[in-house]
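Enquirer: Quick one: the structure is below, and I'll ask about it shortly.
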């Protein structure tokens, strides 16, 4: 019997066209690091949760908020790890859910994940524009019209990101990890120098004080989750990683842990610093830059450059992951088949990237043109993005024990872990949604609309195109060439 008769071996991979089995651990890990954007997230996200900006005077404690967000994300990483060890997925949580909870549920998980990636990419491009503008301001270069300056910066960043992604995941991954390393180093040095000169006035005791306000904590955790989302993006590189069953699980396990440690250190320092700063600085979209510019505009400009670079890397990582989900949907026929094409030379999902990138860029451009507050725009984008991620995390975590049962490897611990993770995510999501609705925010309703649309589309596929729905969940299957060097054995 030839190898082609074995149901576990295929002559061609369903995702053929991508550059297979080339990425070592470092580029895969770089994708995860860029997805969470450590330097950018540590500089911006804590300020969004800071009491003076989002919640009024009764905001949640930053250390508690980020500690809870870290615990939830570590649970998610442990739930995703078993599936990453057994499946070389190209569309990440979308494929995992298809194999665990079925194709119709996977459509919702895929839409939710793409929604999250898109919103975080939009926020990242907006932050690139904001911080580049702040960079010129700190250098004393006058900008007559901020809109006329910021919009071209966003367009240029989007075009550069598109070029790097089409050129190849290896190029974009190494570029982003270089940016992140430099940015984290710059942020660490500047924060150490700042506290070395301001240690007597810093009140670290207030950082750990709890005001007893539990109402704003769930919404604060949702915003804080934005600092961690994207850690799972290496699950979209299963077909391109050299040893996907080793490198991908390692990347998604260690990234939220390392990010959590960095965030707890950063929020401790920023909480102490921002509580001593004027409210105008605490409520700014560039709080750390404004803080440093009071004493050293040059240091603030260096910080601006590092933060802008970090968010640029985050935009690349987010769209890279989004495009690969879209690419798989195109191959399956549940999205336009044109997005399932790859570049003939660079072997990247170029069509999906070029379709997605203009949509991602137009939202931050519209925010700037129509004069919306960057601070409020960032809060809305990050919160909506976190909803998208949380939705996909809930479905993927819940699918894990079913995934393992399907291949005969389920255990009691897998059922317990999947249940605990799903309940924890669901509790955070539900309480945050309820708090958002009570305040009259439309964020929850917008995300509910996305979920409803995904359910309606999945129902349409089941009724009218069942064959396409049945194809949902493709992954990089083992080929004859992988085992027998292209020669079938008798």
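Residues checked against (1) surrounded by fewer than 24 Cβ atoms within 10 Å (Cβ to Cβ); (2) at pLDDT below 80; (3) part of a helix (DSSP H, G or I):
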site	(1), (2), (3)
220	no, yes, yes
248	no, no, yes
254	yes, no, yes
272	yes, yes, yes
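Enquirer: Can I ask one more? Is it fair to say residue 91 is closer than 30 Å to residue 365 by Cβ, within 19 Å of the chain's Cα centre (by Cα) and either at pLDDT below 95 or surrounded by fewer than 24 Cβ atoms within 10 Å (Cβ to Cβ) (or both)?
Expert: Yes; evaluated as a whole, the condition is true for this residue.
Enquirer: Further, regarding this structure: For the range 302-338, give me each residue that is over 16 Å from the mean Cα position of the chain (by Cα) and more than 22 Å from residue 153 (Cα to Cα).
Expert: 327, 328, 329, 330, 331, 332, 333, 334, 335, 336, 337, 338
Enquirer: Consider residue 346 carefully, then state whether it is over 30 Å from residue 270 (Cβ atoms) and either surrounded by fewer than 23 Cβ atoms within 10 Å (Cβ to Cβ) or touching a helix residue (DSSP H, G or I) at 6+ places or on another chain (Cβ under 6 Å) (or both).
Expert: Answer is yes for this residue.
Enquirer: Only residues in the range 15-33 that are under 18 Å from residue 316 (Cβ atoms) count as the first member; pair them with residues that are surrounded by fewer than 21 Cβ atoms within 10 Å (Cβ to Cβ) and at pLDDT 90 or above, Cβ under 8 angstrom, at least 6 apart or cross-chain, and list the lot.
Expert: Partner pairs satisfying both residue conditions: 18/342; 18/347; 19/346; 19/347; 29/250; 29/254.
Enquirer: May I pose another question? Scan the range 440-472 residue by residue and report those that are more than 30 Å from residue 14 (Cα to Cα) and part of a helix (DSSP H, G or I).
Expert: Once the filter is applied, which keeps residues that are more than 30 Å from residue 14 (Cα to Cα) and part of a helix (DSSP H, G or I), the range 440-472 yields 443, 444, 445, 446, 447, 448, 449.
Enquirer: Which one of 436, 399, 414, 392 is surrounded by fewer than 20 Cβ atoms within 10 Å (Cβ to Cβ) and in contact with a helix residue (DSSP H, G or I) (Cβ under 6 Å, 6 or more places away or on another chain)?
Expert: The match here is 414.
Enquirer: Which one of the conditions (1) modelled with pLDDT of 80 or more; (2) out of contact with any helix residue (DSSP H, G or I) (no Cβ under 8 Å at 6 or more places or on another chain) does residue 57 fail to meet, given that it meets all the rest?
Expert: All conditions are met except number (1).
The values are calculated or read from the model by the stated rules, or taken from the named source; none is laboratory data. Computed from a predicted structure; not experimentally measured. Don't worry about glycine lacking a Cβ; one is built from the backbone with ideal geometry, like all the others, and counts go over all protein chains shown.
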